[in-house]
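Please treat every number below as a calculation from the coordinates, not as lab data. These numbers come from a predicted model, not from an experiment. Every residue, glycine among them, receives a Cβ derived from its backbone with ideal geometry; neighbour counts consider all protein chains shown.
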Amino acid sequence: MEPIIEVEGLTVKRGPTEALSNASFMIERGDYVGVVGPNGGGKTTLVLALLGLLPRESGSIRIMGQDIDTFDQWEKVGYVSQFAIDFDAQFPLTVRELVGLGRVNRKNMGRFRNKEDWSAVSDALELMNISDLANKRIGALSGGQRQRAFVAKSLVSDPQLLVLDEPVTGFDPVTQERFFMQLANLNNKKGLTILIISHDLAAVFCRMSRVLCVNKEVHSAAITETTVPDEILKKGYGEHFHFAFHRHHCQGVFVDERL
Amino acid sequence: MFNYQFIQMALVGGSLAAIVSAWIGLFLILRKESMLVDGVAHTAFGGVAIGLLLGFDPMLGAMAVSAAAVLGITYMRRKGLAQSDSAIAVMMAMGFSMGMIIISLANGFNVDLMSYLFGSILTVNRTDVTVLAVLGLFIIGFMVFFYKEMLAITFDEDGARLQGIPVQVMTLAFNLLVAITIALSIKVIGIILVVALMVLPGLTALQLRRSFKATLIASTLFGVMAATLGIVLSVLFSVSTSGVIVFTAAGIFLFVAAYQRLA
């Protein structure tokens, strides 16, 4: 498989302390990756470094085969930050306008958006099943609807890699399951590589193909039928940690036939 | 009344200043930088005083000092020298005190200076209107041309940076437009009240809870409405024009806010 992210010896400092130390791993095209680890372990730091939003102390990052320092295809990377939860609810923006912002990049600066752009916006709204919310203000949406709107924004430029930072915080189990199923659909049908920070370990081991366990160090493992989550998670959460997980639990998750 | 040339000039000049102020003002409100206007406008007082002292157009002085103030505030914030409000306070105090020193050195400019502090829209001439129109068109042109980029930066700066938009350069350009807008609006409404012309129309439009585009259009209409109604009412009742413009804008704001809550 073709690597989409290659990290070698990555060290990142937040202030005087090392937040990530000598991390090396690879993510292949089409992977559905869960980033887990304790609070303050460096998950968001890792994601921000991968997106070039934090400076590196040492090490290298290659995105789609290109060194991050010279990488210029950011329209191929979609990112949903925690801002999707924290934004100013009074901001006068409709869902369509928000998703339309996903078509803004360095290459089309100063150009008016054309029919093709707005058609891509309609497609992204449809893909995330929120066409009926297009003219609603984003401040008036529920948590789940907001996340889907922000994912639609990040999908509108037809990215190859989608990165999400704790997108299901505060969701009820049904909304969370629906959201994860939509992401799984995007992964299966469009071959989209997805990297998602989540504290829901069951969802990660049931739905995803790779796990990155982050606690200053990064431990990467493929998730297969024979994967024992405990062995991976103890490296991040500590030897005392035990995650009672059995694969048949995955059969009991919420399923909505409408999705 | 509308046959008088000074009224016609005032209405055209006031409307132009109101349109530009409303556009720039809405972005400032959403960036939570409304008080930047007040700080920079007071700093511009120093520039007006320099212009009067050295005998060149005080508006040029106001524009230059406003631009320097905006750049100074941005620099102080970026380098962590001061928080946003402290940086504005420092610049405001420096600019205003510079003006006071110059006035005392020149033994006062009395009437001239008062017209810049409180505005003198009824004295604008054809040249003033032409300058307003040219600079106003330039500002609106920039905002139309870079509408989607400015909206992206205003909504989510980090997200915009990731999308490859040169946030720092765009923010610098926007801040310089803020400085020019403030200098333009001083002639209409004066240093003391310029913040009202830039903030009240946008704040009123936000009460409508519409899309961004609709809010921007509504903000512009409310600004023009306040300026034209204010000028007409002030002439009819022979009271301070800038005061009436601000009171009209505040009245429209209160009416719309109340209507939205009661309707």
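Under the Kirkwood approximation for Rh and a Cα-based Rg, what ratio Rg/Rh is obtained for the range A:104-250? The partial results should precede the final answer.
Working: Rg = 17.9 Å, Rh = 17.3 Å.
Computed over Cα atoms, the ratio is 1.03.
What translational diffusion coefficient, to the nearest whole µm²/s, does chain A have by Stokes-Einstein, given a Kirkwood radius computed over alpha-carbon pairs, a temperature of 25 °C and 0.890 mPa s viscosity? Let's see the in-between values first.
Numbers: Rh = 19.1 Å.
Taking Rh from Cα pairs, D becomes 128 µm²/s.
Given the -39500 (n - 2.57) contribution per DSSP H run of 4+ residues, what per-residue ellipticity at 222 nm results for chain B, rounded to the nearest 500 deg cm²/dmol?
Details: 12 runs with 217 residues, N = 263.
Calculated at 222 nm, the ellipticity per residue is -28000 deg cm²/dmol.
Sort out for me the Cα centre separation of the range B:21-74 from the range B:169-225, rounded to whole Å.
14 Å
What order, most packed first, do the peptides B:142-154, B:175-187, A:103-115 have when packing is the mean number of other Cβ atoms within 10 Å of each residue?
Numbers: B:142-154: 20.0, B:175-187: 25.3, A:103-115: 14.4.
Output ranking for B:142-154, B:175-187, A:103-115: B:175-187, B:142-154, A:103-115.
A:GLU28 versus B:SER104, label points 7 Å from Cα toward the beta carbon: distance in nm?
For the pair A:GLU28/B:SER104, the computed spacing is 7.8 nm.
Hey, what's the Kirkwood Rh for the range A:125-174 if you take every pair of different alpha carbons, in angstrom? Don't jump to the answer; show the numbers that get you there.
On the way: mean 1/r = 0.0852 Å⁻¹.
Value: 11.7 Å, from the Cα pair sum.
Filter the cross-link list A:LYS136/B:LYS187; A:LYS153/A:LYS216; A:LYS43/B:LYS148; A:LYS13/A:LYS235; A:LYS13/A:LYS136 down to pairs whose alpha-carbon distance in this structure exceeds 29 Å. Write down the numbers at each step before the final one.
Working: A:LYS136/B:LYS187 40 Å; A:LYS153/A:LYS216 31 Å; A:LYS43/B:LYS148 31 Å; A:LYS13/A:LYS235 21 Å; A:LYS13/A:LYS136 41 Å.
Those over the limit are A:LYS136/B:LYS187; A:LYS153/A:LYS216; A:LYS43/B:LYS148; A:LYS13/A:LYS136.
Within 10 Å of each Cβ in B:142-149, how many Cβ atoms from other chains are there, averaged over the peptide?
Values: counts 1, 0, 1, 4, 3, 4, 13, 7.
Average neighbour count from other chains, rounded to a whole number: 4.
Let me have the 222 nm mean residue ellipticity of chain A computed from DSSP H runs of 4+ only, each contributing -39500 (n - 2.57), with the sum over all residues rounded to the nearest 500. Display every interim value, and only then the final one.
Values: 8 runs with 78 residues, N = 259.
The helix contribution divided over chain A gives -9000 deg cm²/dmol.
Quick one: which of B:6-13, A:136-143, B:195-202 comes out on top by average Cβ neighbours within 10 Å, and what's the full order, highest first? List each step's numbers first, then the result.
Working: B:6-13: 18.6, A:136-143: 16.9, B:195-202: 27.8.
Going by the mean number of other Cβ atoms within 10 Å, highest first, we get B:195-202, B:6-13, A:136-143.
Name the residue, out of A:HIS246, A:HIS219, A:HIS199, whose mean-square fluctuation peaks in a Gaussian network model built on chain A with Cα pairs under 10 Å.
The residue that fluctuates most here is A:HIS246.
Report the antiparallel proportion of the DSSP beta bridges in the protein assembly as shown as a percent, rounded to a multiple of 5. Don't skip to the end; give the middle numbers.
Numbers: 22 of 39 bridges.
Of all bridge pairs located within the protein assembly as shown, approximately 55 percent are antiparallel.
Could you give the distance between the Cα centres of the range B:124-138 and the range A:124-144, to the whole Å?
Comparing the Cα centres of the range B:124-138 and the range A:124-144, I get a distance of 43 Å.
In chain A, which cysteines lack any other cysteine Cβ under 4.7 Å from their own?
A:CYS213
Rounded to two decimals, what is Rg over Rh for the protein assembly as shown when you use alpha-carbon atoms and the Kirkwood radius? Show your work: numbers first, answer last.
Values: Rg = 27.5 Å, Rh = 25.7 Å.
In the protein assembly as shown, Rg relative to Rh is 1.07.
Could you tell me which of B:SER66, B:ILE103, B:LEU137 has its Cα farthest along the dipole of the range B:5-258 towards the positive end, charges placed at Cβ (Lys, Arg +1; Asp, Glu -1), taken about the Cα centre?
My answer, from the dipole projection, is B:LEU137.
Quick one: if the Förster radius is 51 Å, what FRET efficiency do B:PHE138 and A:HIS246 give, using the C-beta to C-beta distance and rounding to 0.05?
Efficiency, rounded to the nearest 0.05: 0.15.
Using every pair of alpha-carbon atoms in the range B:5-258, split the distances into 10 Å bins beginning at 0 and state the percent of pairs per bin, rounded to integers.
With a bin width of 10 Å, the distribution comes to 8, 32, 36, 20, 4, 0.
Which helices, taking whole DSSP H runs in chain B, have alpha carbons extending 27 angstrom or more along the helix axis plus mean Kyte-Doolittle at least -0.5?
On the way: long enough: B:5-30 (37 Å, 1.90); B:34-54 (31 Å, 1.55); B:58-78 (30 Å, 1.00); B:84-105 (32 Å, 1.65); B:126-145 (28 Å, 1.96); B:167-189 (31 Å, 2.04); B:212-237 (37 Å, 1.91); B:241-262 (31 Å, 1.48).
Passing helices, by number: B:5-30, B:34-54, B:58-78, B:84-105, B:126-145, B:167-189, B:212-237, B:241-262.
Counting partner chain Cβ atoms within 10 Å of every residue's Cβ in A:77-85, what's the average?
Values: counts 2, 2, 4, 1, 4, 0, 5, 2, 0.
That works out to 2 on average.
Using Cα centres only, tell me the gap between the range A:11-57 and the range A:195-224 in whole Å.
That distance is 13 Å.
Just how large is the dipole of chain B about the Cα centre, in debye to the nearest 20, putting +1 at every Lys and Arg Cβ and -1 at every Asp and Glu Cβ? Numbers along the way, then the final one.
On the way: 13 positive and 10 negative charges, 102 e Å.
Charge dipole, chain B, about its Cα centre: 480 debye, nearest 20.
Let me confirm one metric for peptide A:178-184, namely the mean number of other chain beta-carbon atoms within 10 Å of its residues' beta-carbons. Kindly include the intermediate steps, with their values, before the conclusion.
Details: counts 0, 0, 0, 0, 0, 0, 0.
Across A:178-184, the average partner-chain Cβ count within 10 Å equals 0.
Among B:LEU30, B:LEU122, B:LEU236, which one shows the highest mean-square fluctuation when chain B is modelled as a Gaussian network with alpha-carbon springs under 10 Å?
B:LEU236
May I ask you to list the aspartates and glutamates whose Cα is less than 12 Å away from that of B:LYS213, ignoring any residue fewer than eight positions away on the same chain?
Filter leaves A:GLU97.
Compute the acute angle (0 to 90°) between the alpha-carbon long axis of helix A:115-127 and the principal axis of greatest extent of the alpha-carbon atoms of chain A; round to the nearest 10°.
With both axes taken from Cα atoms, the answer is about 50 degrees.
Rounded to the nearest 10 degrees, what's the angle between the helix A:143-155 long axis and the longest principal axis of chain A, both from Cα atoms, 0 to 90?
80 degrees
Return the distance in nm (one decimal) between the two label points of a simple spin-label model at B:ILE217 and A:SER142, each offset 7 Å from Cα along Cα→Cβ.
Between B:ILE217 and A:SER142, the label points sit 3.2 nm apart.
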